[in-house]
1. Could you say which residue among Ile38, Ile113 is more than 15 Å from Val315 (Cβ to Cβ) and either in contact with a Lys or Arg (Cβ under 8 Å, 6 or more places away or on another chain) or crowded, with 22+ Cβ neighbours inside 10 Å (or both)?
2. Can you name every residue in the range 239-259 that is over 19 Å from Leu318 (Cβ atoms) and without any contact (Cβ under 8 Å) to a residue 60 or more places away in the chain?
3. From Val291, Val273, Val284, Val242, grab the single residue that is modelled with pLDDT of 95 or more and in contact with a Cys (Cβ under 8 Å, 6 or more places away or on another chain).
4. Taking the stated definitions as given, is Glu138 touching a Phe, Trp or Tyr at 6+ places or on another chain (Cβ under 8 Å) and either in a strand (DSSP E or B) or not polar (S, T, N, Q) (or both)?
5. Please tell me if Thr70 is surrounded by fewer than 19 Cβ atoms within 10 Å (Cβ to Cβ) and under 19 Å from Arg329 (Cα atoms).
6. Among the numbered conditions (1) surrounded by fewer than 18 Cβ atoms within 10 Å (Cβ to Cβ); (2) closer than 18 Å to Glu138 by Cα, tell me where Gly226 comes up short.
7. Taking the stated definitions as given, is Ser261 in contact with a Gly (Cβ under 7 Å, 6 or more places away or on another chain) and among the small types (Gly, Ala, Ser)?
Amino acid sequence: MKIASSRIWAFLTIFALALIPAAAEPPRDPGGVQRIDIRAQVIEAFDPRNTSLKRFGALEFRGGLVLESTAKEFGGISALRVGADGRNFISVTDKGYWLRGRIVYRGSTPIAITNAEMAPILGPDRRPLKSRGWYDTESLADDGGLLYVGIERVHRIVRFDYARDGLLARGVPIPVPLGFRSLPSNGSLECLVKPPRGGPLGGTLIVVSEHGLDAHGNILGFLIGGGADGSFSLKRSDNFDVSDCALTPNGKLLILERRFSWISGLAMRIRSVPLAALKPGATVDGPELIVADMGHQIDNMEGLSVHRGPDGAVVLTLVSDDNFSPLQRTVLLQFSLVGE
């Protein structure tokens, strides 16, 4: 479908403005856990120009949804984790809210979202994190029901006992490396994962920044805990920056990246990096699994999760941050990783 040039420029302007650091929002009464309705429009083809095409690089398209809700706080989804069942998910929005729900399938194709709930992310004092200006929540790691949330601009990581307390869990800030201080205000904690104990880097919190660069122009990453503390670098190329990451069952770190250009618009890329390569002082790189642009059914792709489907496939779930703009969309996409 051809999009009018005026609409593209309006979209690009809104997106670019969303990247500019904003002042902390004033505190508001957030209420408690709220049930919301999410409408889902099925995406039949990832490439509308060739609706029969299913294979894109190393990925095979399983299906997608465009999500909408009248709930005031819905939108801005910046990270998600889909459970081992492939259905239940937890996510965070960049305005400091939890969003959880359940993906409904027809066969292996997602068709709807049910049981959706939202709640403000709480600090140790039971007040919303955003009331102290800690609202730009951008990344999420799951360690067996303990959730870690990365907060951009203030460069903090907060831990929640989600398994025990659910959406009412209170966050406890954890110690972070001094190197966090060098990260840009609007380009820091975009990727958080914690590999399971017993495997490579088990028990270590892996952090990759969006656009914090080392002396060679590569993207900064950090290893916290697990006996592997230190920093590493991810090779930066083609002007892509990091927007999320996830772990595969066979020990790969998948890096979701985003590129924005006034000429070409938005693009996304996913790379695969072996966990064993992540060591203090290392510079790592990996092969591209997929590259897509605005000719495909993408938006501002910011969330990535991995689970194994009932058919045994390694399934990637991606979600976009609509920046609370009527010119952007909340898009959920699923792919199978071919050969895994």
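1. Matching residue, one of Ile38, Ile113: Ile113.
2. If the condition is that a residue be over 19 Å from Leu318 (Cβ atoms) and without any contact (Cβ under 8 Å) to a residue 60 or more places away in the chain, then Asn239, Gly251 are the ones that fit.
3. Matching residue, one of Val291, Val273, Val284, Val242: Val242.
4. Working: touching a Phe, Trp or Tyr at 6+ places or on another chain (Cβ under 8 Å): no; either in a strand (DSSP E or B) or not polar (S, T, N, Q) (or both): yes.
Spelling it out, it is not the case that Glu138 is touching a Phe, Trp or Tyr at 6+ places or on another chain (Cβ under 8 Å) and either in a strand (DSSP E or B) or not polar (S, T, N, Q) (or both).
5. Details: surrounded by fewer than 19 Cβ atoms within 10 Å (Cβ to Cβ): yes; under 19 Å from Arg329 (Cα atoms): yes.
Yes; evaluated as a whole, the condition is true for this residue.
6. Condition not satisfied by Gly226: (2).
7. Here the answer is no, as Ser261 does not meet what is asked.
Residue by residue, here is whether (1) within 21 Å of the chain's Cα centre (by Cα); (2) surrounded by 18 or more Cβ atoms within 10 Å (Cβ to Cβ) holds:
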{"residue": "Ile151", "(1), (2)": "yes, yes"}
{"residue": "Gly203", "(1), (2)": "yes, no"}
{"residue": "Val208", "(1), (2)": "yes, yes"}
{"residue": "Leu213", "(1), (2)": "yes, no"}
{"residue": "Gly230", "(1), (2)": "no, no"}
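The values are calculated or read from the model by the stated rules, or taken from the named source; none is laboratory data. The model shown is predicted, which means the values in this text are computed figures rather than measured ones. Positions of Cβ are generated from backbone atoms using ideal geometry, with glycine treated the same way; all protein chains shown enter the neighbour counts.
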